[in-house]
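Asks: Mind having a look at this structure? Questions to follow.
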Amino acid sequence: MSDIKRNDNDQSPWVVFLIFLRLGLTSFGGPIAHLGYFHQEFVKKRRWLTDQSYGDLVALCQFLPGPASSQVGIALGLSRSGYSGAVAAWLGFTLPSAIILILFAMGITGYGDSLPTGVLHGLKVVAVSVVVQAVWGMARNLCSDTPRITIMVVAACIAVMTQSVLGQVGIIFIAAGIGVTLLKPATGTAHDPLPIVIRRRTGLIWLSLFFALLVGLPLAADVFPHQSLSLVDAFYRAGSLVFGGGHVVLPLLQAEVVPSGWVSNESFLAGYGAAQAVQARCLLLLLF
């Protein structure tokens, strides 16, 4: 029997916004830590979904390009309150760091990089404990036997040794192939899919729009040379083609915004330092 908790109050977009706003105000440590906070809030506390469903959702978002933690948050909002819930989750989780970074950008010229390093180090230490707790809890539920534990250990070792986009994508494909071939689900095993009601036709429309923008924006930027359009093109490509989260996307962003003269290298690095303090996912708001 499913242990997903149904609460009509939690299905209001406003309630979804307030829940994610609280997380946005308190969740430090970057994308991996955010997944830990999500697990604690929505699996353990609110029981919006089961450990198995959350693990499936995280695996899917890790497979997709772009920021996995933001994708998981948007999917959770979508599953709870449709498109309005998805927007509410994104706004609530992103708004605090966006406001802080905008204020930081307004004052960076006069005050410089004045963030105490000790404070940042303390926040990162707290985030590590959150990540460890979430990983341990998910591992006990998802890696329940010797074959799964073996796959997990080998995949973790390869990820640590390679630390590249191709390595991460390769691990996902190889592990998926091994899982399909060797790991058969037990007969009668319950599966609790996310209650996201999106028709296949709608999904195909969104997917077509994704590729249309990926191809069309560079062409439009060449035909209509304007800085705003070039910005949209640069950041859309960065989010669409990069796997691995914020640390992986930074070199691509730096190659786009620094040589073009949009920002100096010093401002870019200062922005990265500030973004580390406020979850490292709103760098573009700081830069511009």
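The values are calculated or read from the model by the stated rules, or taken from the named source; none is laboratory data. As the structure is a computational prediction, the values presented were derived from the model and not from experiment. As a convention, Cβ positions derive from the backbone with ideal geometry for all residues, glycine included, and neighbour counts pool all protein chains shown.
Asks: Within 27 Å of residue 83 (Cα to Cα), β-branched (Val, Ile, Thr) and modelled with pLDDT of 80 or more - does that describe any residue in region 163-184?
Replies: No, there is no match, as no residue in region 163-184 is within 27 Å of residue 83 (Cα to Cα), β-branched (Val, Ile, Thr) and modelled with pLDDT of 80 or more.
Asks: Report every pair of residues separated by at least 6 positions or lying on different chains whose Cβ atoms are under 6 Å apart, first residue within region 173-198 and farther than 15 Å from residue 63 by Cβ and of a type outside the set (A, V, I, L, M), second outside any loop (DSSP other than H, G, I, E, B) and modelled with pLDDT of 60 or more.
Replies: Matching pairs, first to second residue: 192/53; 195/79.
Asks: Look at residue 54 and say whether it is closer than 18 Å to residue 179 by Cβ and either modelled with pLDDT of 85 or more or buried (at least 23 other Cβ atoms within 10 Å of the Cβ) (or both).
Replies: Taking the combined requirement at face value, the residue satisfies it.
Asks: Checking the structure you have, find out if any residue of region 91-105 is surrounded by 10 or more Cβ atoms within 10 Å (Cβ to Cβ), touching a Phe, Trp or Tyr at 6+ places or on another chain (Cβ under 6 Å), in a helix (DSSP H, G or I) and modelled with pLDDT of 75 or more.
Replies: Checked region 91-105: at least one residue is surrounded by 10 or more Cβ atoms within 10 Å (Cβ to Cβ), touching a Phe, Trp or Tyr at 6+ places or on another chain (Cβ under 6 Å), in a helix (DSSP H, G or I) and modelled with pLDDT of 75 or more.
Asks: Would you list the helices (runs of 4 or more DSSP H) that sit entirely within region 193-288 and hold 1 or more residues that are of a type in the set (Gly, Ala, Ser) and either surrounded by 11 or more Cβ atoms within 10 Å (Cβ to Cβ) or modelled with pLDDT of 70 or more (or both)?
Replies: Output list reads 200-223, 227-241, 246-257, 265-277.
Asks: Name the pairs whose Cβ atoms lie under 7 Å apart, with the first residue in region 65-83 and modelled with pLDDT under 90, the second surrounded by fewer than 24 Cβ atoms within 10 Å (Cβ to Cβ) and basic (Lys, Arg), and 6 or more positions between them or separate chains?
Replies: If the second residue must be surrounded by fewer than 24 Cβ atoms within 10 Å (Cβ to Cβ) and basic (Lys, Arg), the pairs left are 67/281; 70/281.
Asks: If you don't mind, there's one more thing I want to ask. Can you tell me which residue is nearest to the chain's Cα centre (by Cα) among those in region 30-51 that are in a helix (DSSP H, G or I) and surrounded by fewer than 21 Cβ atoms within 10 Å (Cβ to Cβ)?
Replies: Step by step, filter region 30-51, then rank; the result is 32.
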